[in-house]
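The values are calculated or read from the model by the stated rules, or taken from the named source; none is laboratory data. Computed from a prediction, not measured in an experiment: that's the story for all the values here. Reconstructed Cβ throughout: ideal geometry from the backbone, glycine too, with neighbour counts over all protein chains shown.
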Amino acid sequence: MVQKYQPLDLAERLKTLRSQRFTGLICFQADQSSSAADAKKYFVGFLLGEINYGGTVAPDIDAIAEQLIENLAHPFFKIGFRIAREQSKGSESPREVLSKVVSTQIVTWEKIESVMQSQAKSTLRLIAQAPGVITSEPNAGTDLCFGDDSHCLKWSVLLQVLENPTSTVAPRTQPSLSLLRSELKEDSAHFPSVAPVKVKPVQAASRPTILSVDDSPIVQKMIQRALSQECNVVLADNALVALQILNKLEEIDLVLLDVNMPGISGLDFCRTIRGIPKFKDLPVIMLTANEGHISKAMGQIAGSTLYLTKPVDDQKLLSVIRQYTSAGGTDLSTNAQSSLSAV
């Protein structure tokens with residue numbers, strides 16, 4: 001059903017939706033021109049009467065992710081989201097996917113909520129600039145919610161922008177990045193790297209720390225057996241866990257990476273972390289059961305330092321680790337970079 005609205009009655013209309021515990025999407029089409037086709041649309045999402053989204057496009061997991069990637073400016077968020085989406089097996093639930101990203105400690109629920117709160121607040125400001133029409137779409141929203149208690153956005157803060165519409169900013173075609181960031185709290189405006197607890201291995205600090213990423217328990221046992229006398233070995237059985245470890249640990253000296261993992265492959269994971277300046281020079285040794293020059297070339301293109309074919313002899317693996325780390329007291333300055341063809 002289409003209804004007309006005036007800026008002064010927006011607050012009451014939203015309160016009515018809240019009292020009705022409305023779940024769905026409200027589309028506001030502002031009367032900003034003489035042509036209905038040119039009138040700007042704004043969307044406000046509701047979940048059981050609470051606002052959980054505001055923007056210039058209808059909410060879905062990709063639109064939400066795009067907004068978060070732009071505003072959080074965290075080097076891990078984009079790959080973390082991608083891995084979480086893969087592990088959610090195509091789920092369109094923002095709550096499910098974002099919960100997986102939060103579990104990596106790349107970002108907190110508080111940071112995500114700050115971005116979405118600012119976007120919703122800016123959207124309501126823009127809606128309040130001109131009269132228009134409202135269209136409701138029950139059950140068309142998302143399950144977007146925040147925190148361990150699954151709450152929605154702060155109602156009182158959002159309604160503040162409608163209490164005095166005449167003092168709001170001039171109309172814009174969409175919430176700008178600068179406007180959204182200006183709404184964020186001072187202590188979170190620049191979104192520094194989120195690593196609340198820096199975890200150090202309990203083993204000897206002088207030994208190099210190796211991250212082994214492989215979904216095979218047998219291979220992981222072999223790697224632990226081969227390296228544990230000279231290295232601290234940290235294990236991950238998938239890319240999401242590996243990302244969490246890279247984000248939390250103060251230093252990883254080398255990554256052993258299985259090529260053929262379910263979901264995000266080792267090649268894709270390597271290619272992605274190479275795009276993060278912090279890991280540009282991190283040694284990445286790829287392990288795979290696939291032999292041949294094509295497989296090695298793919299590893300090299302992805303950014304691997306070296307490519308080994310399984311099964312790898314314990315002594316050979318340890319020798320390679322010594323070459324790229326300080327394992328066994330090796331002086332790294334005397335080691336020349338090896339080519340893939342040397343293995």
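Descriptive notes on the structure:
- Residue within the stretch 69-82 that is under 30 Å from residue 271 (Cβ atoms), in contact with a Pro (Cβ under 7 Å, 6 or more places away or on another chain) and modelled with pLDDT of 85 or more present: no
- Taking every residue in the stretch 7-25 that is over 16 Å from residue 152 (Cα atoms) and pairing it with any residue that is part of a helix (DSSP H, G or I) and not small (Gly, Ala, Ser), at least 6 positions away or on another chain, the pairs with Cβ-Cβ distances below 9 Å are 7/127; 7/165; 7/166; 8/165; 10/124; 10/127; 10/165; 11/159.
- Each residue in the stretch 79-88 was checked for being free of Cβ contacts under 8 Å to residues at least 40 places away in the same chain and closer than 13 Å to residue 243 by Cα, and 1 of them qualify.
- Looking only at residues of the stretch 1-47 that are under 34 Å from the mean Cα position of the chain (by Cα), surrounded by 12 or more Cβ atoms within 10 Å (Cβ to Cβ) and in a loop (DSSP other than H, G, I, E, B), we find that the one that is modelled with the lowest pLDDT is 39.
- Filter result (closer than 16 Å to residue 61 by Cα and of a type in the set (Ser, Thr, Tyr)) within the stretch 96-120: 99
- Residue in the stretch 51-71 that is within 18 Å of the chain's Cα centre (by Cα), more than 28 Å from residue 160 (Cβ to Cβ), surrounded by fewer than 17 Cβ atoms within 10 Å (Cβ to Cβ) and in contact (Cβ under 8 Å) with a residue 12 or more places away in the chain present: no
- Of everything listed in (1) in a loop (DSSP other than H, G, I, E, B); (2) at pLDDT below 85; (3) surrounded by fewer than 21 Cβ atoms within 10 Å (Cβ to Cβ), the single unmet condition for residue 282 is (2).
- Residue in the stretch 126-141 that is modelled with the highest pLDDT, counting only those that are surrounded by fewer than 22 Cβ atoms within 10 Å (Cβ to Cβ) and out of contact with any strand residue (DSSP E or B) (no Cβ under 6 Å at 6 or more places or on another chain): 131
- Whether a residue is assigned to a helix (DSSP H, G or I), in the same structural domain as residue 155 (by TED's automatic domain parsing) and not hydroxyl-bearing (Ser, Thr, Tyr) was assessed, and residue 106 does not pass this test.
- Of residues in the stretch 10-27 being among the aliphatic types (A, V, I, L, M) and in contact with a strand residue (DSSP E or B) (Cβ under 7 Å, 6 or more places away or on another chain), the one farthest from residue 56 (Cα to Cα): 17
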